Amino acid sequence: MTRIVLVGAGSVEFTRNLLADFLSYPELRNAEIVLHDIDPERLATAEKMARWTASALDANPQIEAFLDRRPALRDADFVVNTIQVGGAPATRLDFEIPARYGLRYTINDTINVGGVLRGLRTIPVVLDIVRDIEDVCPDATFLNYTNPMSMLVWAVARRSEIATVGLCHSVYWTVRALAEYLDEPWQEVEAASAGVNHLAFVLRIAHRGRDLYPRIREAVDRGRIPDDDLVRAELYGRLGYWPTESSEHHAEYNSWFIGKSDSRGDAVERYHIPIGEYLRRVDANLAEYEATKRGLAAGEAFEIEQSGEYAAVIVHSMTTGVPSRIVANVMNAGLIANLAGDACVEVPALVDGLGVHPTSMGRLPTQLAAYIQPAISTQALTVQAVLERDRAAIYHAVMQDPLVQARLTLDEAWHMTDELIEAEQQWLPAWLTETSSSQAVAVGRPD
């Protein structure tokens with residue numbers, strides 16, 4: 001019987017949707033579903049939701065819940081990671097402290113200051129999880145949903161031989177959105193993309209063999225792109241390929257949109273960029289959790305939606321041998337020839353009974369590789385900071401943030417980083433409290 005462990009199961013809504021995906025497959029309706037979270041209340045709520053979901057789908061999985069991770073991992077075939085270290089309090093600090101320096105963000109979880117801090121908070125915890133997998137279920141496949149995706153997969157690859165795949169739904173939703181812009185049935189649209197997580201591009205897109213890019217160009221030129229996707233439309237017009245991550249993400253991955261004004265006015269207003277969007281999502285998620293908890297206590301029914309998450313696709317294909325195609329975040333090793341060989345890249349992959357097989361994508365168009373490369377540098381520096389206990393690398397990673405480069409002096413960038421480390425100490429590795437910013441400056445800035 002397939003044993004699937006959800007680490008961070010207290011993300012109740014995501015857990016519900018993921019379970020709906022798993023249990024939609026007849027071969028997985030009797031699987032062992034193991035829930036683990038360090039928050040007792042959230043774990044209890046997740047267990048209630050899991051049992052309700054199984055009943056609503058007329059499935060009969062064996063459901064267990066554990067506060068202790070190691071017994072939860074016992075005999076696991078698949079471990080799905082959805083943790084968020086520091087939760088809402090740490091996320092608010094990621095926004096509030098940079099805001100005092102005049103920095104504005106939308107999501108701030110990938111390559112900006114918030115992405116660096118998330119990496120510092122999360123890499124050590126994920127490596128602890130992986131060490132437990134090595135001890136308790138070394139043949140398990142580790143499926144990571146947690147951000148910053150590329151940093152986590154990269155760090156795990158540096159420290160472990162455990163089979164690891166990073167999963168993100170951005171390509172799925174991008175292809176679906178483009179199909180809808182063109183009034184095409186999204187289920188019939190085929191696409192190939194490549195890059196790094198949250199900074200990949202659609203290289204080919206077609207419907208029944210017919211290239212859709214000419215029609216995408218026409219839609220952009222005629223102003224048929226929705227207001228909430230204008231940043232991607234602008235980048236497509238300049239780079240020639242459609243980004244696979246949302247406009248609110250891409251607005252902060254460069255210095256061209258947030259805080260820029262010209263004869264046409266403020267770019268934030270013109271491109272409808274939702275500053276602070278992730279904080280609103282945090283508040284909405286907290287409210288939704290409370291509503292879910294009340295609803296379960298009152299015996300209410302919930303809407304069940306299959307989310308098309310790749311974790312369920314992978315588990316189904318690997319357990320049945322039925323092949324499928326996904327998009328995977330894996331180590332490069334030549335998959336994209338003109339990106340760093342030791343980077344974590346996002347490429348199409350085939351899944352079958354033998355595992356996940358990434359597709360070699362050759363060389364990216366040069367302009368795309370150039371746009372992506374600074375993100376890889378940020379990821380590399382953050383991984384280096386954690387694995388080598390290198391405080392100077394934290395400042396070097398923050399320096400790569402394009403909005404920091406656009407608005408702050410180097411002294412301001414250093415002071416802001418010090419403030420963030422001080423404010424988030426409780427979630428950061430202990431060695432950071434043993435090194436000082438003056439040591440980092442001495443190492444990071446030659447006399």
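The values are calculated or read from the model by the stated rules, or taken from the named source; none is laboratory data. On a predicted model such as this, the values are computed, not experimentally measured, just so you know. Note: ideal-geometry Cβ built from the backbone for every residue, glycine included; neighbour counts use all protein chains shown. Just the protein is used for accessible areas: all its heavy atoms, side chains included, with ligands, DNA and RNA removed. Shrake-Rupley method; radii C 1.70, N 1.55, O 1.52, S 1.80 Å.
Could you tell me whether the range 272-357 comes out rounded, prolate or oblate from its Cα gyration tensor? Rule is a ≥ b ≥ c as square roots of the eigenvalues, rounded for a/c under 1.5, then prolate if a/b exceeds b/c, otherwise oblate.
oblate
Estimated from helices alone, the mean residue ellipticity of the chain at 222 nm is -14500 deg cm²/dmol (sum of -39500 (n - 2.57) over DSSP H runs with n ≥ 4, per residue). Peptide packing: for 3-16, 307-320, 56-69, the average count of neighbouring Cβ atoms within 10 Å per residue gives the ranking 3-16, 307-320, 56-69, highest mean first.
In the full protein context, the range 1-129 carries 34 Å² of accessible surface per residue, based on a 1.4 Å probe and ignoring ligands, DNA and RNA. Tell me whether the range 61-217 comes out rounded, prolate or oblate; compute the Cα gyration tensor, take square roots of the eigenvalues as a ≥ b ≥ c, and use a/c under 1.5 as the rounded threshold. Oblate, since a/c reaches 1.5 and b/c is not below a/b. Close amide H partners of residue 144, meaning residues 5 or more places away or on another chain with modelled amide H under 5 Å apart, are 81, 165, 166, 167. Within the chain, the selection of entire DSSP H helices by a Cα span of 18 Å or greater along the long axis and an average Kyte-Doolittle value of at least 0.5 returns 113-136, 366-387.
Carbon and sulfur: what percent of the chain's accessible surface (1.4 Å probe)?
Numbers: 9010 of 18590 Å².
That fraction is 48 percent.
Largest mean-square fluctuation among 248, 190, 47, in a Gaussian network model of the chain whose springs join Cα atoms under 10 Å apart, belongs to 190. Highest GNM mean-square fluctuation among 36, 272, 198, for the chain modelled with Cα contacts below 10 Å: 272. For residue 245, the amide hydrogen comes within under 5 Å of the amide hydrogens of 200, counting only partners 5 or more places away or on other chains and with H modelled in the peptide plane. How much of the DSSP bridge set in the chain is antiparallel, in percent, rounded to the nearest 5? Beta bridges within the chain, antiparallel portion: roughly 55 percent. Among 229, 39, 411, the order of accessible area from largest down is 411, 39, 229, computed with a 1.4 Å probe on protein heavy atoms. Each residue was assigned an accessible area with a 1.4 Å probe, and for residue 205 the value is about 10 Å².
When all protein chains stay in place, what accessible area (Å², nearest 10, 1.4 Å probe) is found for residue 24? Result for residue 24: roughly 50 Å² accessible. Length, then width, then depth: along the principal axes, the Cα atoms of the range 306-447 run 58, 38, 28 Å. Dipole check for the chain: with +1 at the C-beta of Lys and Arg, -1 at the C-beta of Asp and Glu, and the Cα centre as origin, the magnitude is about 740 Debye. Between the labelled values [x] 62, 58, 46; [y] 89, 54, 49; [z] 57, 47, 43, the entry that holds Cα extents along the principal axes in Å as derived from this structure is [x]. Legend: residues 249, 415, sorted from most to least accessible area (1.4 Å probe; ligands, DNA and RNA excluded), read 415, 249.
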